[in-house]
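As structure tokens, the structure follows; a few thoughts come after it.
The values are calculated or read from the model by the stated rules, or taken from the named source; none is laboratory data. If you're wondering where the values come from, they're calculated on a predicted model, not measured in any experiment. Glycine also receives a Cβ, built like all others from the backbone with ideal geometry; neighbour counts cover every protein chain displayed.
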Amino acid sequence: MRDNIQVPFGYEPPVEKRKGTLIYYDAFEHLGEAELERAALLAERRSFGRLVLYPLHEETVKRMTKEPVRAFYKREDMLHDWKRRAGNPDISIEGWEGKRKKYTPVDTALRYLTDKYPSPWFLYLTPENANSFASFSSFEAWIVKIRLLLTKEPSFVHQRLEQYRHRWDVAADE
């Protein structure tokens, strides 16, 4: 059923000041509250409509970085505690990968996130994760749809990341 809404003649809906989605794609293993606060401040300064924290499953981290991490639910609980303290309704914690309970390729995760959240999409990554993402065969298909924000200046830049330098920025200077 459609609802009819009456508005005065000449009514213009207010222009949306905040748009897009900043997706923080990380294991959230070695992050403290300062880094999470910095991501929330970045999302606010750049007028993103939503900050999505996307913790990676242990199997995904194991394949990407070969380092051990705590259980998914422990890292997710830490994020929920921080979100409660922050009190920001524009922050989401995406537990989809925890429900899958297995390795999730980055292109599968991005397909899910871009279907669920409004564009434009910005992926907030560490330089290590950005270089890892650039090494995947699906990188070139995704870099034209999303932009990257890196947490700091990378010491080493993957060849494909260098090729698409115009599609990423470093957020550390903000």
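Among residues of region 59-74 being under 20 Å from Leu123 (Cα atoms) and in contact with a helix residue (DSSP H, G or I) (Cβ under 9 Å, 6 or more places away or on another chain), the one that is surrounded by the fewest Cβ atoms within 10 Å (Cβ to Cβ) is Thr65.
Considering region 141-173, the residues that are without any contact (Cβ under 8 Å) to a residue 24 or more places away in the chain and charged (D, E, K, R) include one that is nearest to Ala39 (Cα to Cα), namely Asp173.
Results for (1) over 21 Å from Gly49 (Cβ atoms); (2) aromatic (Phe, Trp, Tyr); (3) touching a Gly at 6+ places or on another chain (Cβ under 9 Å), shown as yes or no for each residue.
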position: Arg85; (1), (2), (3): yes, no, no
position: Ile91; (1), (2), (3): no, no, no
position: Trp96; (1), (2), (3): no, yes, no
position: Thr126; (1), (2), (3): yes, no, no
position: Glu140; (1), (2), (3): yes, no, no
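Do we find a residue being surrounded by 12 or more Cβ atoms within 10 Å (Cβ to Cβ), part of a loop (DSSP other than H, G, I, E, B), touching a residue at least 24 places away in the same chain (Cβ under 8 Å) and out of contact with any Leu (no Cβ under 8 Å at 6 or more places or on another chain) anywhere in region 3-17? There is no residue in region 3-17 that is surrounded by 12 or more Cβ atoms within 10 Å (Cβ to Cβ), part of a loop (DSSP other than H, G, I, E, B), touching a residue at least 24 places away in the same chain (Cβ under 8 Å) and out of contact with any Leu (no Cβ under 8 Å at 6 or more places or on another chain). Taken over region 1-43, the criterion of being modelled with pLDDT under 90, farther than 23 Å from Val61 by Cβ and among the hydrophobic types (A, V, I, L, M, F, W, C) is satisfied by Met1, Ile5, Val7, Phe9, Val15.
Among the strands (runs of 3 or more DSSP E) confined to region 92-174, the ones with at least 2 residues that are touching a helix residue (DSSP H, G or I) at 6+ places or on another chain (Cβ under 9 Å) and aliphatic (A, V, I, L, M) are located at 121-125, 146-150.
Of all residue pairs spaced 6 or more apart or on separate chains, those with beta-carbon atoms under 8 Å, a first member in region 25-47 that is touching a residue at least 12 places away in the same chain (Cβ under 8 Å) and part of a helix (DSSP H, G or I) and a second member that is surrounded by 13 or more Cβ atoms within 10 Å (Cβ to Cβ) and among the acidic types (Asp, Glu) are Ala43/Asp90.
Quick one: would you say Arg111 is surrounded by fewer than 16 Cβ atoms within 10 Å (Cβ to Cβ), within 18 Å of Ala40 (Cα to Cα) and among the charged types (D, E, K, R)? It is false that Arg111 is surrounded by fewer than 16 Cβ atoms within 10 Å (Cβ to Cβ), within 18 Å of Ala40 (Cα to Cα) and among the charged types (D, E, K, R). Considering region 60-74 alone, what residues qualify as being part of a helix (DSSP H, G or I) and either within 21 Å of Thr108 (Cα to Cα) or in contact with a Cys (Cβ under 8 Å, 6 or more places away or on another chain) (or both)? If the condition is that a residue be part of a helix (DSSP H, G or I) and either within 21 Å of Thr108 (Cα to Cα) or in contact with a Cys (Cβ under 8 Å, 6 or more places away or on another chain) (or both), then Thr60, Val61, Lys62, Arg63, Met64, Thr65, Phe72, Tyr73 are the ones that fit. Applying a threshold of 8 Å to beta carbon distances and a minimum spacing of six or more residues, or different chains, the list of pairs starting in region 115-130 at a residue that is touching a residue at least 60 places away in the same chain (Cβ under 8 Å) and crowded, with 19+ Cβ neighbours inside 10 Å and ending at one that is small (Gly, Ala, Ser) and part of a helix (DSSP H, G or I) reads Tyr124/Ala39.
The residue of region 155-174 that is modelled with the lowest pLDDT, among those that are within 18 Å of the chain's Cα centre (by Cα) and not aromatic (Phe, Trp, Tyr), is Glu174. Before we move on, is Pro118 more than 23 Å from His57 (Cα to Cα), within 16 Å of the chain's Cα centre (by Cα) and modelled with pLDDT under 95? When the stated conditions are applied, Pro118 passes them.
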